[in-house]
Amino acid sequence: MEKMKAFICTKYGPPEVLQLREVEKPLPKDNEVLIKIYATAVTASDIFIRSSQLPIQFLIPMRLMLGLTKPRKSIIGLVLAGEIESIGKNVKRFRIGDQVYGLTGFGLGAYAEYKCMKETDSTHGCLAIKPANISYEEATVVIYGGLLAFQYMEKGNIQRGQKVLIYGASGTSGTTAIQLAKYLGAKVTGVCSTTNLEMVKSLGAEAVIDYTKEDTLNPGVQYDFILDAVGKIKTSKLKDACKKALAPGGKYVSIDDGSLKLDSKRLALIKELVEAGHIKPVVDRCYQFEEIVEAHRYVGKGHKKGGVVIKVK
Ligand SMILES: NC(=O)c1ccc[n+]([C@@H]2O[C@H](COP(=O)([O-])OP(=O)(O)OC[C@H]3O[C@@H](n4cnc5c(N)ncnc54)[C@H](OP(=O)(O)O)[C@@H]3O)[C@@H](O)[C@H]2O)c1
């Protein structure tokens, strides 16, 4: 039996619960592909899964789904980019050698050198051909940020010229949401902290607001769509003010309203926008595979800019 390296989550807890081990390399079933993983990422969701530090309303459903005292799937990790090494006999969408990117959902398992995934979408993942013009590492950022931003921005049905505010514009989904709103022709305002104001402007925001300095919005300013891209746990006085600044018929959406859809058609659309240059991945830091624990410490501080990526090979 061939072996591979993987990070096992031995129990819920601090970053050190992740331990590097040699485990069995998986074999694809008839309807699965075997992916040689070149890059993964440490996302906000990975931190929630590993630490299990969540408000009670999220904690109970999450533990029921993932495991009561430790993750049932001991290899965690949600996003991956890599190359198809082998395929099951019923696989039609992919060929050996295809460069792919995807999200593993409840299947987890991206903190490893190899992962088997179904070719079709399910709660255990979605997979598509990766954008050709970006690296494997960059691809991991647009999977997570892209799927989140696309799903929740769609709720706004944004029209050209509308005013859109992205609260939490500097994270993985926020940096993607800013670019998507700009692509849709909106006039975009981004909210972030002082150090990220210039970066958010460079992504296409016409206006930026510093939530560490401002508690209110300019009187009279109203937005057609507001996306809270950091989730309900992170808040500020400015966020409360934003909720009241909707234009008549406007919509306020939190990225925590509902569950993330694993949709390979959406991944294909993200690929097109990335290849056309409309969406550029923002990479904060890149760690080596052996440094995942360190990457978890950094992301756990809650201030990553764009995405934090892991080079597996
Ligand atoms: N619905 C679902 O199924 C689903 C699935 C996955 C994730 N999510 C949600 O999506 C969220 C976003 O994930 P992400 O990876 O895109 O975010 P992220 O990258 O973790 O966001 C980090 C950014 O948050 C900003 N931030 C921290 N505290 C803030 C505050 N009080 N006000 C404004 N900004 C603040 C920081 O900016 P500064 O450094 O500038 O402060 C940092 O750049 C997750 O936290 C989770 O709640 C939902």
Among all residue pairs at least 6 apart or on different chains, which show Cβ distances below 7 Å where the first residue, located in the stretch 1-20, is among the aromatic types (F, W, Y) and the second is at pLDDT 95 or above and part of a loop (DSSP other than H, G, I, E, B)? F7/Y111
Verdict on S193 being closer than 23 Å to G146 by Cα, under 22 Å from the mean Cα position of the chain (by Cα) and within 15 Å of the ligand (Cβ to nearest atom): yes
Considering the stretch 102-138, residues that are on the phi > 0 side of the Ramachandran plot and part of a loop (DSSP other than H, G, I, E, B), and then whichever is surrounded by the fewest Cβ atoms within 10 Å (Cβ to Cβ), we arrive at L108
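Kindly state which strands (runs of 3 or more DSSP E) lie completely within the stretch 1-89 and contain at least 1 residues that are at pLDDT 95 or above and small (G, A, S). So that I can check it myself, show each step before the final result.
Numbers: elements: 3-9, 18-24, 32-42, 79-87.
Of the strands (runs of 3 or more DSSP E) lying wholly inside the stretch 1-89, those with at least 1 residues that are at pLDDT 95 or above and small (G, A, S) span 3-9, 32-42, 79-87.
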Filter result (more than 9 Å from the ligand (Cβ to nearest atom) and closer than 16 Å to K234 by Cα) within the stretch 44-57: Q53, L54, P55, I56, Q57
Being in contact (Cβ under 8 Å) with a residue 24 or more places away in the chain, surrounded by 14 or more Cβ atoms within 10 Å (Cβ to Cβ) and over 18 Å from I134 (Cβ atoms) narrows L273, L184 down to just L184
Out of the residues in the stretch 139-168 that are basic (K, R) and surrounded by fewer than 19 Cβ atoms within 10 Å (Cβ to Cβ), state the one that is nearest to S236 (Cα to Cα). K155
Across the stretch 196-207, which residue is nearest to the ligand (Cβ to nearest atom) among those that are farther than 19 Å from G231 by Cα and in contact with a strand residue (DSSP E or B) (Cβ under 7 Å, 6 or more places away or on another chain)? L197
Here the qualifying pairs (Cβ atoms under 6 Å; residues six or more apart or on different chains; first in the stretch 76-97 and free of Cβ contacts under 8 Å to residues at least 24 places away in the same chain; second aliphatic (A, V, I, L, M)) come out as I96/I84
Among the residues of the stretch 275-298, are any on the phi > 0 side of the Ramachandran plot, outside any loop (DSSP other than H, G, I, E, B) and not basic (K, R)? no
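The values are calculated or read from the model by the stated rules, or taken from the named source; none is laboratory data. Keep in mind that what you see is a predicted model, and the values were worked out from it rather than measured. All Cβ positions, even for glycine, are placed from backbone atoms using ideal geometry, and neighbour counts span all protein chains on display.
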